[in-house]
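Participant: Take a look at this one; I'll ask things after.
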Amino acid sequence: MHLIVGLGNPGTKYAKTRHNLGFRVVELLAERWACDHYDSAFQGELAKCSALGKKVLLLKPQTYMNLSGASVSACAKYHKIPASHIWVIHDDLDLPVGHLRLREGGSSGGHNGVQSVIESLGTREFTRFRLGIGRPEAPTPIEDYVVQPFAAEEREAADAMVLRAADAVEAALKDSPQKAMNIYNR
């Protein structure tokens, strides 16, 4: 079983913001796999799915970004999912808008949601699907920038990136995260 986590913030106020790309990808996967029923569980919204012959849990933590790890850890422990089968989808300031990178392990890169997951799981050894949001121009503080919607000229690239990220998750499920990296980290 795989646990696929989309990081974001709950509520309509944040729905179309840069920080909620993880939620958008998980919602797209739920739609593709016809598992649109979410239960409230583990301080999040959880959907149980079957995809490409595998059992998958889709999780959208409802703890707000900086406390996402509590939801991820509780779900993983309950379902006995090893870190190697936990995939976290999140926004990334260090990638330009529209760029996607898959990565296994490593640091949080300054992302508070990812840091929370690392601390709660007690390991860095999970796969990340990093979706580029670029950095703000001065003087916009990062904490304000990440909760803003994409600018009109960025929306097409951001929407295409969400589609590619969902494709990358499916490629990783079909083969492996390593093979998906060879395709999507170009």
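The values are calculated or read from the model by the stated rules, or taken from the named source; none is laboratory data. Model, not experiment: these values are computed from the prediction. A quick note on method: Cβ atoms are made from the backbone with ideal geometry, for glycine too, and the neighbour counts reach across all protein chains shown.
Participant: Name every residue in segment 72-93 that is touching a residue at least 60 places away in the same chain (Cβ under 8 Å) and within 20 Å of G105 (Cα to Cα), in order of residue number.
Facilitator: Scanning segment 72-93 gives V72, C75, A76, I81, H85, I86, W87, V88, I89, H90, D91.
Participant: Can you work out which of the residues in segment 72-92 that are within 14 Å of the chain's Cα centre (by Cα) and outside any helix (DSSP H, G or I) is surrounded by the most Cβ atoms within 10 Å (Cβ to Cβ)?
Facilitator: Checking each candidate, the answer is I89.
Participant: Here's something else I'd like to know. List pairs: first residue in segment 145-164 and farther than 14 Å from T17 by Cβ, second residue in a loop (DSSP other than H, G, I, E, B) anywhere in the structure, Cβ distance under 6 angstrom, at least six positions apart or on different chains.
Facilitator: What qualifies is A157/V97; A157/G98; M161/G98.
Participant: What's the total number of residues in segment 77-92 that are on the phi > 0 side of the Ramachandran plot and among the aromatic types (F, W, Y)?
Facilitator: The total comes to 0.
Participant: Quick one: how many residues across segment 62-72 are under 16 Å from A47 (Cα atoms) and among the polar types (S, T, N, Q)?
Facilitator: 2
Participant: Given the structure, is G113 surrounded by 15 or more Cβ atoms within 10 Å (Cβ to Cβ), assigned to a loop (DSSP other than H, G, I, E, B) and at pLDDT 95 or above?
Facilitator: no
Participant: Can I ask one more? Please go through segment 99-110 and pick out each residue that is loosely packed, with under 15 Cβ neighbours inside 10 Å, in contact with a Lys or Arg (Cβ under 9 Å, 6 or more places away or on another chain) and at positive phi.
Facilitator: Within segment 99-110, G105, G106 qualify.
Participant: In segment 96-106, is there at least one residue being in contact with a helix residue (DSSP H, G or I) (Cβ under 8 Å, 6 or more places away or on another chain), part of a loop (DSSP other than H, G, I, E, B) and among the small types (G, A, S)?
Facilitator: The answer is yes, given that some residue of segment 96-106 is in contact with a helix residue (DSSP H, G or I) (Cβ under 8 Å, 6 or more places away or on another chain), part of a loop (DSSP other than H, G, I, E, B) and among the small types (G, A, S).
Participant: Can you give me the number of residues within segment 39-69 that are in contact with a Cys (Cβ under 8 Å, 6 or more places away or on another chain) and either closer than 19 Å to A83 by Cβ or not hydrophobic (A, V, I, L, M, F, W, C) (or both)?
Facilitator: Residues in segment 39-69 being in contact with a Cys (Cβ under 8 Å, 6 or more places away or on another chain) and either closer than 19 Å to A83 by Cβ or not hydrophobic (A, V, I, L, M, F, W, C) (or both): 10 in total.
Participant: Sticking with this structure for a sec: Being surrounded by 14 or more Cβ atoms within 10 Å (Cβ to Cβ) and in a loop (DSSP other than H, G, I, E, B) is the filter; apply it to segment 17-41 and report the residue that is modelled with the highest pLDDT.
Facilitator: W33
Participant: Can you tell me which residue in segment 135-183 is farthest from D94 (Cα to Cα), limited to those that are hydrophobic (A, V, I, L, M, F, W, C) and in a loop (DSSP other than H, G, I, E, B)?
Facilitator: Once the filter is applied, the top-ranked residue is A152.
Participant: Among what's in segment 37-58 and is of a type in the set (D, E, K, R) and within 17 Å of the chain's Cα centre (by Cα), pick the residue that is farthest from L173 (Cα to Cα).
Facilitator: E45
Participant: Take segment 125-144 and flag every residue that is touching an Asp or Glu at 6+ places or on another chain (Cβ under 7 Å) and closer than 16 Å to N20 by Cα.
Facilitator: R130, L131, G132, I133
Participant: Would a scan of segment 42-64 turn up a residue that is touching a strand residue (DSSP E or B) at 6+ places or on another chain (Cβ under 8 Å), surrounded by fewer than 23 Cβ atoms within 10 Å (Cβ to Cβ) and closer than 16 Å to I118 by Cβ?
Facilitator: Yes, some residue in segment 42-64 is touching a strand residue (DSSP E or B) at 6+ places or on another chain (Cβ under 8 Å), surrounded by fewer than 23 Cβ atoms within 10 Å (Cβ to Cβ) and closer than 16 Å to I118 by Cβ.
Participant: If you don't mind, there's one more thing I want to ask. Out of the residues in segment 42-71 that are in a loop (DSSP other than H, G, I, E, B) and either touching an Asp or Glu at 6+ places or on another chain (Cβ under 8 Å) or among the small types (G, A, S) (or both), which is nearest to Q148 (Cα to Cα)?
Facilitator: Q62
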